[in-house]
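Take a look at the structure set out below.
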Amino acid sequence: MDFKDRLKTARRHAGLNQTELAKRCGMTQTSISDLERGKSVSTSFVANLAYACGVDPLWLANGAGQMIPAPAPKVAEASLFGSIAPWDSDTPLENDEVTLPLFKEVELSAGSGSTQVLELPGRKIRLARSTLREAGVEPENAVIAIVSGNSMERLILDGAGIGIDRGTTHIMDGEIYAFDHDGMLRVKYLYRLPGGGLRLRSENSEEHPDEIYSAEQAANIRILGWVFWWSTVRRRRGAPLAR
């Protein structure tokens with residue numbers, strides 16, 4: 001059984017149509033359709049697809065083992081797999097950790113309102129090497145950025161940190177990319193158009209309709225890389241923000 005057939009079987013096992021599965025995994029229906037027809041061989045989302053369908057990731061990826069994962073042993077009480085540990089710049093790295101530079105949209109001086117996407121000196125984020133390996137990202141190509149706005153909400157919230165693979169700047173239709181658009185840090189689904197143009201699509205399409213750019217206009221868009229990870233800190237309503 002090929003990957004495309006295993007994916008169809010897994011989706012039907014979960015009782016999902018292509019659109020529902022795409023929503024659960026942060027993908028598009030077209031991407032799911034391409035995978036199920038064998039038109040795409042990308043395995044970047046295998047873990048997400050397997051989790052959404054309730055099947056074993058190794059089985060979905062290469063057919064190894066059983067489709068349905070063995071149930072976890074029951075325990076009398078819930079247990080924690082680990083704890084959150086505070087750290088600072090002087091805390092030694094664990095064996096499975098790397099520190100990644102942090103980028104942000106920064107307003108330039110002189111009060112012109114112009115911005116530029118810059119690395120913040122001294123600001124780093126820690127990420128597990130295993131996370132990078134699972135996404136197929138080389139550590140030297142990975143950076144973190146902070147996004148703002150609600151155009152990707154339901155998937156990536158305002159203020160989220162995102163992991164960017166700077167080694168992947170070629171556009172695969174329906175994948176999420178971070179890019180510098182005339183000094184503004186933006187995150188969208190990207191689609192190529194005939195003649196070198198681009199379509200930008202937001203998750204929150206009700207408030208942010210598709211944007212179409214000709215090849216000439218797209219020249220002002222600099223692809224920073226493929227977005228492979230995101231994380232958001234939730235704030236209690238009315239709670240003061242830490243400074």
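So between Asp182 and His170, what do we pick up on full extension, going 0.36 nm a residue minus the alpha carbon distance? If you can, show how the numbers build up before the last one.
Working: separation 12, 0.36 × 12 = 4.32 nm, distance 1.91 nm.
Value of the extension gain: 2.4 nm.
Holding the Cα-Cα limit at 18 Å, pick out from Lys23/Lys188; Lys8/Lys188; Lys104/Lys124; Lys4/Lys39; Lys23/Lys104 the pairs that are longer than that.
Where the Cα-Cα span goes over 18 Å, the pairs concerned are Lys8/Lys188; Lys23/Lys104.
Over the range 3-62, what is the mean sequence separation of C-alpha contacts under 8 Å (at least six apart), divided by residue count, expressed as relative contact order in percent?
RCO, the range 3-62: 41 percent.
What are the residues whose amide H is under 5 Å from the amide H of Gly197, where those residues sit 5 or more places off or on another chain and H is modelled from the backbone?
Those qualifying (amide H under 5 Å, at least 5 residues apart or on another chain) are Ala215.
How would you order 26-37, 213-224 from highest to lowest mean count of nearby Cβ atoms within 10 Å?
Highest-to-lowest ranking by the protection proxy: 26-37, 213-224.
Ranked from highest to lowest mean number of other Cβ atoms within 10 Å per residue, what is the order of the peptides 201-208, 225-232, 164-171? Please report the intermediate quantities before stating the final value.
Values: 201-208: 14.8, 225-232: 19.4, 164-171: 17.5.
Ranking the peptides 201-208, 225-232, 164-171 by packing returns 225-232, 164-171, 201-208.
Only the coordinates and a few stated rules stand behind these numbers; no lab work does. As the structure is a prediction and not an experimental result, all values here were calculated from the model. Reconstructed Cβ throughout: ideal geometry from the backbone, glycine too, with neighbour counts over all protein chains shown.
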